[in-house]
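Participant: Here it is, the structure in full.
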Amino acid sequence: MQKTSPAQNPGAVDDPAAVCVRSIHIMADGSLADFQAVIHPGAANREAAHEPAAARGRGPAAFHASALWLRAAFSDLRWDIHQVAADGEVVAVHVTMSGRHTGPFARYDAAGAVSQVMPPTGKTFAATQTHWFRLADGKIIEHWANRDDLALAQQAGWIPPTPRYLARMAIARRKTRASSSARTAA
């Protein structure tokens, strides 16, 4: 197994580790073209089960949709890379994701309907994650992750919920569902 740091791989696109590190960084501000450069057209994000319908598809557009979903809820998004380990076409990247919760964060059910919404708290967070990737033809074809969602939820002020925050959650869910329905109807 090859262990590397981002400094050892300053962006060589043929290096699997560099491709994966790049894919994490563009989550914060990358364009669709940026995703097309590193995501295989048949790529699957195994973490998209509770994301918007557009993020559940395959390829660069689905990964870009995941990024847009996160950006809508969290400002100042950043991923600090701690370690990268590569074994052929499989790469693991240990990171800390940080940001500020400034927009509604919606989770979706299996049918794609809004199931829960966390209204913005304005609080900052920093939570560790490990992202796993498989590459084909020099691009990411599969992604899955282990995240410390409990730390994010505690730091963002979602848990333990106060009665006032529970009421705000119910209102935010109603508004997000109405907004989602209006977009679907259009």
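Participant: How many residues are among the hydrophobic types (A, V, I, L, M, F, W, C) and more than 14 Å from the chain's Cα centre (by Cα) if we restrict to the range 70-104?
Facilitator: 7
Participant: Quick check on this structure: which one of HIS50, HIS131 is surrounded by fewer than 20 Cβ atoms within 10 Å (Cβ to Cβ) and in contact (Cβ under 8 Å) with a residue 60 or more places away in the chain? First the steps, then the outcome.
Facilitator: Working: HIS131 fails: surrounded by fewer than 20 Cβ atoms within 10 Å (Cβ to Cβ).
Among HIS50, HIS131, only HIS50 is surrounded by fewer than 20 Cβ atoms within 10 Å (Cβ to Cβ) and in contact (Cβ under 8 Å) with a residue 60 or more places away in the chain.
Participant: Right, another one. Return yes or no: is ALA72 loosely packed, with under 15 Cβ neighbours inside 10 Å, of a type outside the set (Lys, Arg) and within 24 Å of ALA110 (Cβ to Cβ)?
Facilitator: The answer is yes for ALA72.
Participant: Right, something else. Taking PRO10, is it exposed (fewer than 14 other Cβ atoms within 10 Å of the Cβ) and modelled with pLDDT under 95?
Facilitator: yes
Participant: A follow-up question, please. Given the conditions (1) within 26 Å of LEU152 (Cβ to Cβ); (2) in contact with a Ser or Thr (Cβ under 7 Å, 6 or more places away or on another chain), report the number of the one that ALA86 does not fulfil.
Facilitator: (1)
The values are calculated or read from the model by the stated rules, or taken from the named source; none is laboratory data. Everything numeric here is computed off the predicted structure, so don't read it as measured data. FYI the Cβ positions are ideal-geometry reconstructions off the backbone, even for glycines, and counts take in every protein chain you see.
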